[in-house]
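Every number here is computed from the coordinates shown, using simple stated rules; none is lab data. What you see is a predicted model, and the numbers here were worked out from it, not measured in a lab. Every residue, glycine among them, receives a Cβ derived from its backbone with ideal geometry; neighbour counts consider all protein chains shown.
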Amino acid sequence: MLKKLALSIDDAKKAAAACRAEAEKNKWNVVIAVLDDGGHLMYLERMDGTQKASSRIAFQKGRTAIMFKRPSGALEKVVSGGRVAVMSLGATTVEGGVPIVVEGEYVGAIGVSGVQSHEDAQVAQAGVDAIVKG
């Protein structure tokens, strides 16, 4: 039997709070989705004024990050480099999804949507850092 680390709901809320703080610091309205290691939604927060579509987009970015074990932006670069077949794999190939890796284990991911994709990634990374770096 394997034993593994897992995100708790408190971890998900801690990550989301760090994401929100980063977004508020920059005056950005975003949706924050925190997913477990199976790509299932644990926590979702939509800041006031964020477009409604961002709820689904944030989830999809986070799901891509955990299922492919890499930031969704890495797949965006692959597609923009000409490997458009990657788009048929069910991935959201837009920056803003970041996996959460603790002690070498992929325990979940954060997806953010609402501003420019590199800004979404910045917000998501703040949440990952809150979990990984404490």
### Task
State the extension gain, in nm to one decimal, for the chain segment bounded by residue 52 and residue 17, taking 0.36 nm per residue of separation less the distance between their alpha-carbons.
10.6 nm
### Task
Might you report the magnitude of the Cβ-based charge dipole of the chain about its Cα centre, with Lys and Arg at +1 and Asp and Glu at -1, to the nearest 20 debye?
240 debye
### Query
Among the aspartates and glutamates, which fall within straight-line cross-link reach of residue 13, defined as a Cα-Cα distance under 19 Å, with same-chain neighbours fewer than 8 residues apart omitted?
22, 24, 36, 37, 45, 48, 120, 129
### Query
If we count other beta carbons within 10 Å of each Cβ, what is the order of 100, 131, 110, 9, fewest first?
9, 131, 100, 110
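Considering Cα pairs under 8 angstrom that are at least six residues apart, work out the relative contact order of the chain and quote it in whole percent. List each step's numbers first, then the result.
Values: 307 pairs, mean separation 39.5, N = 134.
Answer for the chain is 29 percent.
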### Message
Once each part is reduced to its C-alpha centroid, what is the distance from region 118-134 to region 74-101 in angstrom?
### Response
19 Å
### Message
Loop-only GluC sites (Glu not before Pro) in region 26-134, please: DSSP not H, G, I, E or B, and at most 12 other Cβ atoms within 10 Å.
### Response
103
### Task
Report the one residue of 38, 75, 110 whose Cα lies farthest in the direction of the positive end of the charge dipole of the chain (charges on C-beta: Lys and Arg +1, Asp and Glu -1; origin at the Cα centre).
75
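Starting from the Cα-Cα distance between residue 105 and residue 89, subtract it from 0.36 nm times their residue separation and give me the gain in nm to one decimal.
Details: separation 16, 0.36 × 16 = 5.76 nm, distance 2.30 nm.
Difference between extended and current length: 3.5 nm.
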### Query
For region 13-105, what is the per residue volume of the convex hull drawn over the alpha-carbon atoms, in cubic angstrom?
110 Å³
### Query
Do the alpha carbons of any pairs in 52/77; 4/77; 77/133; 4/61; 14/61; 69/133 sit beyond 21 Å of each other, and which pairs?
52/77; 4/77; 77/133; 4/61
